[in-house]
């Protein structure tokens with residue numbers, strides 16, 4: 001299968017590192033013009049250069065802005081007025097004792113993980129429907145379905161993204177625009193390495209620490225390892241293509257079999 005996204009413009013939020021970065025590289029390799037997003041001019045500029053080098057595609061631009069705020073979203077929309085492909089990857093996570101999460105923290109997680117995506121969908125969906133083609137993908141998580149006791153506030157936001165995706169898919173019905181969510185399983189990123197160390201300590205070498213984390217804290221995984229960001233990106237690139245034209249309103253799993261269900 002040869003995926004060619006030439007002539008398409010894609011915005012990947014939160015794409016200076018981790019899964020978002022891998023997605024930006026994957027889309028650029030497929031020929032898309034890719035906008036890299038982050039809050040810092042320095043980090044975004046550096047990421048743009050890396051995406052160009054890693055993908056062999058020079059048509060990569062900066063879209064700096066804090067999408068958890070209306071002002072930041074406006075800055076991104078000014079940098080990238082129209083897109084064909086919107087990847088809402090931005091998200092924060094962390095552990096917290098459930099009864100110690102205050103109102104401000106609940107709001108912060110919702111603003112960053114959910115409302116940032118809603119803002120951009122509201123802004124870009126009309127243009128997609130007008131041209132009769134578009135792809136919107138929201139990066140969810142296994143935590144949307146299997147709520148972690150140590151990350152209830154995070155799980156809540158990812159469950160909300162499943163609802164957001166399904167609802168906007170109905171809004172886009174019959175227009176040629178598809179809206180889906182991708183349920184990512186435990187993935188090997190810098191942030192997750194820190195998370196693993198929080199739970200299993202710093203004494204073990206990384207390979208052993210990862211193995212202990214999976215056995216003790218994510219035993220449902222059928223691949224029994226962390227997923228690599230590029231494996232998530234492969235699904236996103238496919239769903240961003242014309243090959244996925246009949247897939248919409250769905251929650252597609254790249255979770256290593258973590259969610260114990262035969263349905264999405």
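The values are calculated or read from the model by the stated rules, or taken from the named source; none is laboratory data. Model, not experiment: these values are computed from the prediction. Cβ atoms come from the backbone with ideal geometry, glycine included; neighbour counts cover every protein chain shown.
If I ask for residues that are surrounded by fewer than 20 Cβ atoms within 10 Å (Cβ to Cβ) and either at pLDDT below 95 or not in a loop (DSSP other than H, G, I, E, B) (or both), which ones from the stretch 65-78 would you list?
70, 71, 72, 74, 75, 77, 78, listed by residue number.
So which residues in the stretch 193-208 are farther than 16 Å from residue 228 by Cα and either in contact with a strand residue (DSSP E or B) (Cβ under 8 Å, 6 or more places away or on another chain) or surrounded by fewer than 10 Cβ atoms within 10 Å (Cβ to Cβ) (or both), if there are any at all? Quick ask: steps written out before the conclusion?
Applying the first criterion (farther than 16 Å from residue 228 by Cα) to the stretch 193-208 yields 197-205, 208.
Across the stretch 193-208, the qualifying residues are 202, 203, 205.
When the residues of the stretch 224-241 are narrowed to those that are in a loop (DSSP other than H, G, I, E, B) and touching a helix residue (DSSP H, G or I) at 6+ places or on another chain (Cβ under 9 Å), which ends up surrounded by the most Cβ atoms within 10 Å (Cβ to Cβ)? Step through it out loud before you land on a result.
Looking only at the stretch 224-241, we keep the residues that are in a loop (DSSP other than H, G, I, E, B), and these are 224-226, 228, 240-241.
Those left that are additionally touching a helix residue (DSSP H, G or I) at 6+ places or on another chain (Cβ under 9 Å): 224-226, 228, 240.
Numbers: 224: 14, 225: 14, 226: 22, 228: 14, 240: 28.
Once the filter is applied, the top-ranked residue is 240.
Specify the residue that is surrounded by the fewest Cβ atoms within 10 Å (Cβ to Cβ); the eligible residues are those in the stretch 209-223 that are under 18 Å from residue 141 (Cα atoms) and touching a residue at least 12 places away in the same chain (Cβ under 8 Å). Don't jump to the end; show me each part of the working.
At the first step, the residues of the stretch 209-223 found to be under 18 Å from residue 141 (Cα atoms) are 213-214, 217-223.
Now restrict to residues that are touching a residue at least 12 places away in the same chain (Cβ under 8 Å): 213-214, 217-218, 220-223.
Numbers: 213: 21, 214: 20, 217: 16, 218: 19, 220: 17, 221: 20, 222: 10, 223: 14.
Selected residue: 222.
Examine the stretch 52-61 for a residue that is part of a loop (DSSP other than H, G, I, E, B), in contact with a strand residue (DSSP E or B) (Cβ under 6 Å, 6 or more places away or on another chain) and within 20 Å of residue 119 (Cα to Cα), and state whether such a residue exists. Quick ask: steps written out before the conclusion?
Filtering the stretch 52-61 for residues part of a loop (DSSP other than H, G, I, E, B) gives 56-59.
Checking which are in contact with a strand residue (DSSP E or B) (Cβ under 6 Å, 6 or more places away or on another chain) leaves us with 59.
From the residues that got through so far, the ones that are within 20 Å of residue 119 (Cα to Cα) too are none.
Taking every residue of the stretch 52-61 in turn, none turns out to be part of a loop (DSSP other than H, G, I, E, B), in contact with a strand residue (DSSP E or B) (Cβ under 6 Å, 6 or more places away or on another chain) and within 20 Å of residue 119 (Cα to Cα).
Report whether or not residue 180 is in contact (Cβ under 8 Å) with a residue 24 or more places away in the chain and more than 20 Å from residue 109 (Cβ to Cβ). Show your work before the answer.
Working: in contact (Cβ under 8 Å) with a residue 24 or more places away in the chain: yes; more than 20 Å from residue 109 (Cβ to Cβ): yes.
Spelling it out, residue 180 is indeed in contact (Cβ under 8 Å) with a residue 24 or more places away in the chain and more than 20 Å from residue 109 (Cβ to Cβ).
Considering the stretch 115-168 alone, what residues qualify as being over 24 Å from residue 18 (Cβ atoms) and part of a strand (DSSP E or B)?
134 - this is the single residue of the stretch 115-168 that is over 24 Å from residue 18 (Cβ atoms) and part of a strand (DSSP E or B).
Of everything in the stretch 110-135 that's crowded, with 20+ Cβ neighbours inside 10 Å and touching a helix residue (DSSP H, G or I) at 6+ places or on another chain (Cβ under 6 Å), which residue is farthest from residue 15 (Cα to Cα)?
Here the residue is 134.
Quick one: would you say residue 36 is under 13 Å from residue 80 (Cβ atoms) and part of a helix (DSSP H, G or I)?
Working: under 13 Å from residue 80 (Cβ atoms): yes; part of a helix (DSSP H, G or I): no.
No.
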